[in-house]
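Novice: What follows is a structure written as structure tokens; I'll ask about it next.
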Amino acid sequence: GEDVEQSLFLSVREGDSSVINCTYTDSSSTYLYWYKQEPGAGLQLLTYIFSNMDMKQDQRLTVLLNKKDKHLSLRIADTQTGDSAIYFCAERLTGTASKLTFGTGTRLQVTL
Amino acid sequence: NAGVTQTPKFQVLKTGQSMTLQCAQDMNHNSMYWYRQDPGMGLRLIYYSASEGTTDKGEVPNGYNVSRLNKREFSLRLESAAPSQTSVYFCASSQGPGELFFGEGSRLTVL
């Protein structure tokens with residue numbers, strides 16, 4: 001079955017690193033994604049990782065994938081107030097084209 | 001650069017009323033989707049259309065119908081709205097197994 005879970009809330013100070021975690025249950029996931037939703041807006045793709053990778057870095061973003069534990073994380077270095085948003089992880093299963101299953105979302109609050 | 005456009009952005013309905021949410025994309029994408037977003041539950045797929053002329057049920061299709069009018073447009077209809085359908089609805093599109101592009105959402109309240 002498909003089930004993607006995240007903690008609901010994370011608060012960090014500006015300049016610190018943020019780590020947002022996600023667990024998924026289906027081992028046949030092919031791609032795993034991180035989307036960002038700013039207030040009053042739709043979701044925008046931040047980054048993604050293919051399931052045969054264990055790490056991907058893109059500027060301030062680092063994605064780590066532990067396939068054995070079915071655990072995905074997003075690290076944001078030097079977190080800024082503009083990073084305050086809801087972050088969703090999502091998985092795409094083999095053979096399901098672009099049908100994604102989203103997690104519950106983690107609200108990141110960045111304080112001064 | 002419109003991307004994915006949804007209308008209306010806000011709507012208030014009474015229980016039992018019907019309405020249609022409209023979605024159009026100008027990126028020539030094959031696949032289109034309707035999701036609903038509820039607090040603490042993330043996004044749940046209602047219906048999707050992998051290509052023009054096809055539609056399939058997602059995770060929560062009950063109480064909804066869809067029409068893939070042409071390649072650009074994918075509408076979501078509530079025939080008899082219920083308070084449980086109060087939500088924020090998102091339309092999205094994609095080209096094959098790639099990034100989903102989302103509209104800005106339609107906030108629906110059913111009294």
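Novice: Dipole of chain A (Lys/Arg Cβ +1, Asp/Glu Cβ -1, origin at the Cα centre): which of A:LEU108, A:TYR35, A:MET55 lies farthest to the positive side?
Specialist: Going by the Cα projections, it comes out as A:MET55.
Novice: Still on this structure: Using a Gaussian network for chain A with springs between C-alpha atoms less than 10 Å apart, which of these wobbles most: A:GLN80, A:GLN44, A:GLN59?
Specialist: A:GLN59
Novice: Using only C-alpha atoms and all pairs of different ones, pull out the Kirkwood radius for chain A in Å with one decimal.
Specialist: 14.0
Novice: Another question, then. As an exercise, take the mean of 1/r over every pair of distinct alpha carbons in the stretch B:1-66, invert it, and state the Kirkwood radius in angstroms.
Specialist: 13.5
Novice: Let me ask you something else. Provide the three semi-axes, in whole Å and in decreasing order, of the ellipsoid equivalent to the protein assembly as shown as defined by the square roots of 5 times the Cα gyration tensor eigenvalues.
Specialist: 30, 20, 16
Novice: A follow-up question, please. Rg/Rh for the stretch B:4-111 to two decimals, with Rh computed the Kirkwood way over all alpha-carbon pairs.
Specialist: 0.94
Novice: Taking the Cβ of B:LEU100 as the centre, find all other residues whose Cβ is under 11 Å away and add up their charges (Lys, Arg: +1; Asp, Glu: -1).
Specialist: It works out to a net charge of +1.
Novice: Determine which lysines satisfy two conditions relative to B:LYS9: a Cα distance under 21 Å, and not lying fewer than 8 residues away in the same chain.
Specialist: In chain and number order, the partners are A:LYS36.
Novice: How high is the relative contact order of chain B, given as a whole-number percent (alpha carbon pairs under 8 Å, six or more residues apart)?
Specialist: For chain B, the relative contact order is 36 percent.
Each reported figure results from applying straightforward, stated rules to the coordinates on display, with no laboratory input. Treat the numbers as computed from the prediction; the structure is a model and nothing was measured. Backbone-built Cβ (ideal geometry, glycine too); neighbour counts: all protein chains shown.
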